[in-house]
Structure formats: structure tokens, C-alpha cells
Amino acid sequence: FLHTSDWHVGRTLNGWSLLEEQEWAFQQIVDLAIHEQVDGVIIAGDLYDRAVPPVDAIKLFNKTLARLVLEEQIPVYAISGNHDGAERLHFGRDFFQPQGLHLSTRLEEAFEPIELEGCQIFLLPFIDPIDARIYYKDDEDKEIQGIGDALAYILEDMEKAFDPDKSHILVTHFAVSKKDDQDGQSLRELMLSETSNTVGGLTNVTSDLFKAFDYVALGHIHTRFASPTQRVQYSGSPVAFNVKEAKRKEEKGVYIVELDATGNLSQTFHPLEVRRPIVTLQEPFETLVSPEFYKEQPCQKAWFAFDIQLSSRKELEGINVRARLEEIYG
């Protein structure tokens, strides 16, 4: 199968739409799924960038799903993330599933696996601890303080549905770190590529919670380098969404994962081409407007972010800096 996440359809960059960049990435993802003859495509949450996405974003997402599910008969296994409007996405779920679109947006849907030949897929959407408290309200033995407690109970109940003759895949959307990771601080810094440190939260759960699963397809963190283990894996977002992500200069892409009924795993990362990159430049203003410098840059073909080096603000008095840079770089 193909593992991707954090599409954030409808995202903007400083007010500018990223739909063209996103559509270019989605076309490549669909082409790759066809070429690799995958049995399914996993989208691990944050399908849209906001709970009520703009019309153009909905059209692009529908177009991409229609090509995968209806034209190519490639099933999609997706969940809602913290940016999605879960109840809005729930609409039509019972009609879409027979067509091959499996979309989980509620906790109670996570306990019934999708049964495939040699494989069970569990779809656990992003939830808050309160969702688990409501679900387990009649069980007085379950004390849920945080998301770690909630996931421990949820995963334990999922295991009750395991078929021992099949492998087990979990699709979910949380911040997960490696237990006893001495480099935990740097890992958390990687996690800050998420849109906000507060929206959806970056409360960590540890990867040992998922030890019963043969593969955990994660979403929520926009870099694959935040993956705790080979079997508990982030795909990262298919597009860089902000300057912080662009400065990392990492290739965006998706994973092709092969898993057999005994749990043997192999995975290959496939980078995606970028149509309009985000370029960050940190130079004095004189350098930025120098033909010798800017002729070496992809002017008019990229998004540009500038860190202008100054010894004093007086250096730029009387200069319309933005207009001058837009004239050169676009």
C-alpha cells in the first residue's frame, strides 16, 4: 500500500493558495499508486487544512478521490485529523465504503477492522481524551487522565479483534516518540513543523504502546524523520507548507509499504517533485538586489522568504523593500 498523510487541502502560504502545488503532488501520488499496483492508499489524517474548507479545496480532494477509487478501483483508507471537521467528513460514510472509500471519523468506528486477504486495517481518527471518557463512561475501572491512558485502553480493545492469521495495520494521527529516546528533545523540535504547537497539541505518546501492530501509519507531524521506528512511521506531508519546513530542505514524498500475513515488512520512500518550491534567502539587501546574485535564483518560479541582514535599520530608509524584491523575485 501507499502511505501518505497531512494533505491539508486548501492550505495558504501568507494568504496565497497552495492548491496548484497540492494538485501537482496529488497527481504524482495517484500515478505512483497505479504504477506500483498498490492494494490501497492510506491517508493518515488532516485531509483538509480547516474544519470548513473552501469550495476549491473540496473540489480538488473529490477529484483526487474519484480518480483513485472510481477510475482506478484503488481503495482509500483514511481518517480525520485534528485539522478536519470530523462530523462533516462523516457524511455519506455508509455510501462511500462499498465503493472503496473507507473513512473513519469517530472513535467507535476504530474497533471494527477492515478485513483484507492476509491483513486487518484499523482506522483510529484523531481524538481528545474527552472522546475516550465518553466512550468508556460505563466502565468505572477505566481512569483516563490524558491521551496516553485513552490510547492504552483503545489499543487493548482493538487487539481483541485481531485475527492471528493476518497482519495488523493501524492508521492514526498523534504525536508519537520513541520510548527512552535520549534524543527526544531534537525529535520534539522536528515535531514543531506541525502548523501550531497548540492546535491539536503535541502531547507525546510513546511508540511502545503500538507494539502489537505490524505497521502503524502515522500522520500529524510533517516530517518523516520524526518517525520513532521503522514500524511506527510518519510519511510527512507531501508539500512544504511554511518557511520553517522549507528551511529543513528535506524531500517530501510518500512510502510504498509491503507487508505479508506473517508481518514481514519492507518500505521504500518515493520523493515527490516540487512545482513551486519555497526558497529562503538570508543575505544583506545589497546582495539580494545584485544581478550577480539574483540571476542564480529561480526568480518568478518559486515562493521566496527573505531574512535581510542589517547592521542598522537606517540602511533601508527610503527604500520600498517589498516592492523592490517583488519586482526581481516575483
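In terms of its alpha-carbon gyration tensor, the range 22-96 comes out prolate; a/c meets the 1.5 threshold, and the first ratio a/b outweighs b/c. Within the chain, DSSP assigns beta bridges of which about 30% are antiparallel (rounded to the nearest 5). Using the Karplus relation 6.51 cos²θ - 1.76 cosθ + 1.60 with θ = phi - 60°, the per-residue 3J(HN,Hα) values for the range 60-70 come to 5, 5, 4, 4, 5, 5, 4, 5, 5, 7, 8 Hz, with x marking Gly and Pro. Here, the range 210-277 is characterised by an Rg to Rh ratio of 1.03, where Rg is the alpha-carbon radius of gyration and Rh the Kirkwood radius. In a fully extended conformation the segment linking residue 276 and residue 307 would gain 9.2 nm over its present Cα-Cα distance, using 0.36 nm per residue. Solvent-accessible surface of protein heavy atoms, probed at 1.4 angstrom with all chains present, puts 59, 211, 166 in the order 211, 59, 166, largest first. Calculated [222 nm] ellipticity per residue, helices only, for the chain: -7000 deg cm²/dmol; basis is -39500 (n - 2.57) per DSSP H run with n ≥ 4, divided by all residues, nearest 500. Looking at the square roots a ≥ b ≥ c of the eigenvalues of the Cα gyration tensor of the range 119-172, which shape do they give, rounded for a/c under 1.5, prolate if a/b is larger than b/c, or oblate? The shape class here is prolate. Residues in the range 146-160 carry Karplus couplings, in order, of x, 5, x, 4, 4, 5, 4, 5, 5, 5, 4, 6, 4, 4, 5 Hz; the curve used is 6.51 cos²θ - 1.76 cosθ + 1.60 with θ = phi - 60°, and Gly or Pro positions show x.
Summing Lys and Arg as +1 and Asp and Glu as -1 over all other residues whose Cβ lies under 11 Å from the Cβ of residue 50 gives a net charge of -1.
When +1 charges are put on Lys and Arg Cβ atoms and -1 charges on Asp and Glu Cβ atoms, the dipole computed for the range 231-326 relative to its Cα centre reaches about 240 debye. Note on the range 45-124 and the range 282-313: Cα centroid distance 43 Å, given to the nearest whole angstrom.
Considering only 17, 312, 167, the Gaussian network model of the chain with Cα springs below 10 Å gives its largest mean-square fluctuation to 312.
For a Förster distance of 30 Å, can you work out the FRET efficiency between the beta-carbons of residue 134 and residue 14, rounded to the nearest 0.05? That gives a FRET efficiency of 0.20. Projected label points at residue 247 and residue 267, each 7 Å from Cα along the beta carbon direction, are separated by 2.7 nanometres. First check a/c for the range 1-52, with a ≥ b ≥ c the square roots of the eigenvalues of its C-alpha gyration tensor; if it is under 1.5, answer rounded, and if not, answer prolate when a/b is larger than b/c or oblate otherwise. Oblate. This structure gives Cα extents along the principal axes in Å, computed directly, and of [x] 98, 51, 41; [y] 70, 44, 36; [z] 65, 41, 36 that value is listed as [y]. Assuming R0 = 30 Å, can you tell me the calculated FRET efficiency for the pair residue 66 and residue 88, based on Cβ-Cβ distance, to the nearest 0.05? The computed FRET efficiency comes out at 0.95. Taking 64, 229, 287 in turn, the Gaussian network model of the chain (Cα-Cα springs below 10 Å) assigns the largest fluctuation to 287. Neighbours of residue 110 by Cβ distance under 12 Å: Lys/Arg scored +1, Asp/Glu scored -1, total -4.
Here, the range 74-174 has an Rg and a Dmax of 13.9, 43 Å when only alpha carbons are counted. For residue 120, the amide hydrogen comes within under 5 Å of the amide hydrogens of 167, 168, 169, counting only partners 5 or more places away or on other chains and with H modelled in the peptide plane. Annotation: amide H of residue 219 within the under-5 Å range of 172, 173, 174, sequence separation 5 or more or interchain, hydrogens built in the peptide plane.
Would you mind working out the accessible area per residue for the chain, using a 1.4 Å probe, and quoting it in Å²? Value for the chain: 50 Å² per residue. Here the accessible area of the chain is 47 percent carbon and sulfur, with a 1.4 angstrom probe and all protein chains present. Largest accessible area first, the listed residues 268, 4 line up as 268, 4 when surface is computed with a 1.4 Å probe on the assembled protein chains.
The values are calculated or read from the model by the stated rules, or taken from the named source; none is laboratory data. Here the structure is a predicted model, which means the values were calculated and not measured. Quick reminder, even Gly has a Cβ in these numbers, built from the backbone with ideal geometry, and neighbours come from all protein chains shown. Accessible surface is based on the protein model in full, side chains and every heavy atom, while ligands, DNA and RNA are left aside. Shrake-Rupley method; radii C 1.70, N 1.55, O 1.52, S 1.80 Å.
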